[in-house]
Amino acid sequence: IACGVDGSGKWSGIAAGADGLLYCAPCNASTVLVIDPARGSCSTIACGVDGSGKWSGIAAGADGLLYCAPRSASTVLVIDPASGSCSTIACGVDGDYKWMGIAAGADGLLYCA
């Protein structure tokens, strides 16, 4: 699928949403990449945060939202597929290269590694 986006390292990690779309965490991009495999198309969701190495890894939560692990960001990025919007949750940990991935546990919690 050609998305018409130049550059490298823009996104890091991919997860399926309950809506059947694929979402990519913005690492060096300022947008979430959304891939529609059924239509063979791409779109983006603006998350309003510039910079490099922000988030790496993405996981679907039991609540239908998608969560991106903070790599160099000080927040967890939360993507709401239903509204096509982003928000953040403070994680209380500053610094670069904290976590590279995130996964949903059977207990409903999200774990970063």
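By the 4.7 Å beta carbon criterion, which cysteine residues of the chain come out unpaired?
Cys24, Cys27, Cys68, Cys91, Cys112
Leaving out ligands and nucleic acids, and using a 1.4 Å probe, what accessible area per residue does the chain come to in Å²?
52
Taking the Cβ-Cβ separation of Ala38 and Val93 as r and a Förster radius of 41 Å, what is the calculated FRET efficiency to the nearest 0.05?
Calculated transfer efficiency: 0.60.
Count the net charge of all other residues whose Cβ sits under 14 Å from the Cβ of Asp80, scoring Lys and Arg as +1 and Asp and Glu as -1.
With Lys, Arg at +1 and Asp, Glu at -1, the net is -2.
Using a 1.4 Å probe on the protein heavy atoms, what percent of the accessible area of the chain belongs to carbon and sulfur?
53
Would you mind classifying the chain by shape? Square roots of the alpha carbon gyration tensor eigenvalues, ordered a ≥ b ≥ c; an a/c under 1.5 is rounded, otherwise it is prolate if a/b is larger than b/c and oblate if not.
oblate
The values are calculated or read from the model by the stated rules, or taken from the named source; none is laboratory data. Because the structure is a prediction, the values reported are computed rather than measured. Because the Cβ atoms are built from the backbone with ideal geometry, glycine has one as well, and the counts that use them run over all protein chains shown. Remember, those area values only see protein heavy atoms, side chains included, never the ligands or the DNA or RNA. Shrake-Rupley method; radii C 1.70, N 1.55, O 1.52, S 1.80 Å.
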